[in-house]
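Colleague: Starting off with a structure, shown below.
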Amino acid sequence: MNFPIKKLFALVLLSSLFTLISANDNEQKLQAFGANDLPKPNQKSLVFIFDGTGSMTKDLEQLRTAAKQILNELSLREDNPIFNYILVIFRDPGMLSKPPIKSN
Amino acid sequence: MTTNPDLLMERLSNVNITGGGDCPELSISGLREGLKHAITNSIAFVFTDASAKDHDQYEVTKNLIQSTQTTVNFLTTGDCGERSRAGFQVYEKLARVSNGQVFDMNTDDITNVLLAIRFMLNDDFIALRSIDVEKSGTSENAFFIDSTMSELSMSLSGSAPEMALKNPKNETVTGEEFNLAKLKIVQLKTPMPGKWTVEASSSTAHSIRVGAISSLKIEFGFSLETPSKIEETLYQPLKGKMNVLSVFVRDPALLKSLSSVTIIKIDFISKRKRRDTGSVEQLIPALKKISEHIYATEAFVIPEQMFKIQLNGADSLGNIIERSISTSIQSVLPSIIINCD
């Protein structure tokens with residue numbers, strides 16, 4: 001039986017090191033290319049972060065009006081520069097919410 | 001989060017506006033959440049009428065901006081009456097770090113402002129220069145238009161904004177304008193290649209962003225050794241090491257050459273210090289052509305503080321290329337990256 005002990009040991013050592021060190025938010029994003037579901041090189045996310053507290057009703061209407069026009073225009077383009085849309089609503093402490101993640 | 005715009009519109013229609021009461025809100029947590037899911041080189045807009053209760057999340061959020069190279073703009077319709085304090089100033093700091101701006105306006109202006117700045121969503125849109133002025137007054141700023149640029153845009157956020165634009169022949173040029181009490185946007189099609197100047201003034205501290213639509217697409221990345229492809233690089237250099245900075249060009253036919261990068265060190269000036277606006281020292285590593293699409297520096301010592309990268313070169317017609325290619329950047333401690341073969 002061919003048992004790669006060295007490799008296993010290295011993996012165990014590495015994974016324990018990894019758990020020790022990775023406990024921070026310091027994520028670095030490596031770029032990935034190739035799959036069909038991935039964004040094209042120049043595409044971006046369009047992120048809206050919206051204050052959902054009481055005084056913002058009219059602000060929301062304003063955003064919706066603009067978003068409707070902008071999204072319409074973007075969809076008419078051959079190459080949509082936007083890969084995906086992210087909406088985050090923030091409110092009072094304890095009420096941070098985001099819509100569930102949905103794919104195409 | 002979705003790739004379907006109709007779903008976004010549906011969500012926007014279903015937003016539950018509730019609560020309120022106390023003024024500062026958890027806006028930075030909201031921003032952080034959005035940035036976590038964004039792909040690289042994205043654009044974010046924060047809408048609020050309050051300062052941030054959670055401004056202590058500045059560092060973590062700044063790091064997310066830098067690791068994703070996302071531009072963040074704030075559309076604010078209020079400030080809890082504490083504009084000069086940390087809760088609101090965190091918006092200015094994060095906008096600045098990301099080459100974005102804080103736009104102050106009335107609620108009724110939101111639609112028009114978003115429409116006026118929608119050119120930023122273009123995949124061809126690039127930031128040329130970012131200028132932040134800590135006090136009221138007038139400044140003259142220069143920037144270079146090259147032949148890859150089909151449109152120029154400038155936005156000045158500050159009270160009583162004024163901008164006077166001159167082309168390379170020193171002629172005053174007017175473009176399409178959008179004006180509010182605290183915002184002025186000027187757009188111009190087919191700007192002549194060469195050195196342009198804009199004289200900008202405001203009665204308060206203000207920010208100026210010069211951008212363009214350009215067919216020349218540039219990416220950058222740091223690595224410890226000369227890379228053979230962009231996937232071997234990261235947006236944040238490693239602390240305590242000498243790093244190679246590489247520039248990746250999609251369409252090299254548009255270029256004559258790329259000569260160097262300028263590392264513009266940034267200091268945030270606290271209001272108590274009496275000094276002129278940050279960005280003082282410069283470091284200018286030369287670029288060497290490694291392959292058809294890649295130019296790289298020799299490994300060099302990365303500054304301790306934040307910096308921005310400016311690219312220097314010439315386009316295929318010999319016009320000067322000088323443009324910003326990054327948000328603010330800061331070196332980070334290495335974390336273990338495991339490759340699964």
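Colleague: Please tell me if B:S150 is surrounded by fewer than 17 Cβ atoms within 10 Å (Cβ to Cβ), outside any strand (DSSP E or B) and more than 14 Å from every other protein chain (Cβ to nearest Cβ).
Modeller: Details: surrounded by fewer than 17 Cβ atoms within 10 Å (Cβ to Cβ): yes; outside any strand (DSSP E or B): no; more than 14 Å from every other protein chain (Cβ to nearest Cβ): yes.
Criteria not met by B:S150.
Colleague: Looking only at the stretch B:295-321, which residues are under 19 Å from the mean Cα position of the chain (by Cα) and part of a strand (DSSP E or B)?
Modeller: Kept after step one, since they are under 19 Å from the mean Cα position of the chain (by Cα), are these residues of the stretch B:295-321: B:305-312, B:321.
Those that are under 19 Å from the mean Cα position of the chain (by Cα) and part of a strand (DSSP E or B): B:F307, B:K308, B:I309, B:Q310, B:L311, B:N312, B:I321.
Colleague: Another one. For the subset of the stretch B:26-52 comprising residues that are of a type in the set (G, A, S) and within 7 Å of chain A (Cβ to nearest Cβ), which member is surrounded by the most Cβ atoms within 10 Å (Cβ to Cβ)?
Modeller: B:S27
Colleague: Answer with yes or no whether B:S67 is open to solvent by less than 10 Å² (accessible area, probe 1.4 Å), farther than 22 Å from A:S75 by Cβ and at the interface with chain A (Cβ under 9 Å from one of its Cβ atoms).
Modeller: Details: open to solvent by less than 10 Å² (accessible area, probe 1.4 Å): yes; farther than 22 Å from A:S75 by Cβ: yes; at the interface with chain A (Cβ under 9 Å from one of its Cβ atoms): yes.
Considered against the rule, which asks whether it is open to solvent by less than 10 Å² (accessible area, probe 1.4 Å), farther than 22 Å from A:S75 by Cβ and at the interface with chain A (Cβ under 9 Å from one of its Cβ atoms), B:S67 comes out as yes.
Colleague: Can you tell me how many residues in the stretch B:37-66 are farther than 25 Å from B:R83 by Cβ, without any contact (Cβ under 8 Å) to a residue 60 or more places away in the chain and within 18 Å of the chain's Cα centre (by Cα)? Working first, answer last.
Modeller: Here is the first cut: in the stretch B:37-66, the ones farther than 25 Å from B:R83 by Cβ are B:37-42, B:63, B:66.
Going one step further and asking which of them are without any contact (Cβ under 8 Å) to a residue 60 or more places away in the chain, we end up with B:37-39, B:41-42.
Add one more test, that the residue is within 18 Å of the chain's Cα centre (by Cα), and what stays is B:38-39, B:41-42.
Final tally of qualifying residues: 4.
Colleague: Which is farther than 30 Å from B:E292 by Cβ, touching a residue at least 40 places away in the same chain (Cβ under 8 Å), touching a Lys or Arg at 6+ places or on another chain (Cβ under 8 Å) and open to solvent by 70 Å² or more (accessible area, probe 1.4 Å), of B:E162, B:E177? Give the derivation first.
Modeller: Values: B:E177 fails: touching a residue at least 40 places away in the same chain (Cβ under 8 Å).
That would be B:E162, the only listed residue that is farther than 30 Å from B:E292 by Cβ, touching a residue at least 40 places away in the same chain (Cβ under 8 Å), touching a Lys or Arg at 6+ places or on another chain (Cβ under 8 Å) and open to solvent by 70 Å² or more (accessible area, probe 1.4 Å).
Colleague: Looking at B:C23, B:C80, which one is more than 10 Å from chain A (Cβ to nearest Cβ), of a type in the set (A, V, I, L, M, F, W, C) and surrounded by fewer than 21 Cβ atoms within 10 Å (Cβ to Cβ)?
Modeller: So the residue among B:C23, B:C80 that is more than 10 Å from chain A (Cβ to nearest Cβ), of a type in the set (A, V, I, L, M, F, W, C) and surrounded by fewer than 21 Cβ atoms within 10 Å (Cβ to Cβ) is B:C80.
Conditions tested, residue by residue: (1) in contact with a helix residue (DSSP H, G or I) (Cβ under 9 Å, 6 or more places away or on another chain); (2) farther than 28 Å from B:F307 by Cβ; (3) among the hydroxyl-bearing types (S, T, Y).
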position: B:P5; (1), (2), (3): yes, yes, no
position: B:S13; (1), (2), (3): yes, yes, yes
position: B:G21; (1), (2), (3): yes, yes, no
position: B:L31; (1), (2), (3): yes, no, no
position: B:T40; (1), (2), (3): yes, no, yes
position: B:H55; (1), (2), (3): yes, no, no
position: B:G87; (1), (2), (3): yes, no, no
position: B:A95; (1), (2), (3): no, no, no
position: B:D108; (1), (2), (3): yes, yes, no
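Colleague: Working carefully through the options B:N167, B:N122, find the one that is open to solvent by 10 Å² or more (accessible area, probe 1.4 Å), more than 12 Å from chain A (Cβ to nearest Cβ) and farther than 19 Å from B:S207 by Cβ.
Modeller: B:N167
Colleague: Next up: Taking interchain pairs and intrachain pairs at least six residues apart, which have beta carbon atoms under 8 angstrom, with the first residue in the stretch B:19-31 and in contact (Cβ under 8 Å) with a residue 12 or more places away in the chain and the second of a type in the set (A, V, I, L, M) and open to solvent by 30 Å² or more (accessible area, probe 1.4 Å)?
Modeller: Between residues of the stretch B:19-31 that are in contact (Cβ under 8 Å) with a residue 12 or more places away in the chain and residues that are of a type in the set (A, V, I, L, M) and open to solvent by 30 Å² or more (accessible area, probe 1.4 Å), the close pairs are B:L26/A:L96; B:S29/A:L96; B:G30/A:L96.
Colleague: I've got another one for you. If I go through the stretch B:98-110 residue by residue, how many of them are hydroxyl-bearing (S, T, Y) and either part of a strand (DSSP E or B) or open to solvent by 20 Å² or more (accessible area, probe 1.4 Å) (or both)? Full working, then the answer.
Modeller: Kept after step one, since they are hydroxyl-bearing (S, T, Y), are these residues of the stretch B:98-110: B:98, B:107.
Cutting the leftovers down to either part of a strand (DSSP E or B) or open to solvent by 20 Å² or more (accessible area, probe 1.4 Å) (or both) gives us B:107.
Total meeting the criteria: 1.
The values are calculated or read from the model by the stated rules, or taken from the named source; none is laboratory data. Bear in mind that the values here come from a model prediction, so they are computed numbers and not experimental data. Positions of Cβ are backbone-derived with ideal geometry, glycine not excepted, and every protein chain shown enters the neighbour counts. Surface areas here come from the heavy atoms of the whole protein model, side chains and all, with no ligands, DNA or RNA. Shrake-Rupley method; radii C 1.70, N 1.55, O 1.52, S 1.80 Å.
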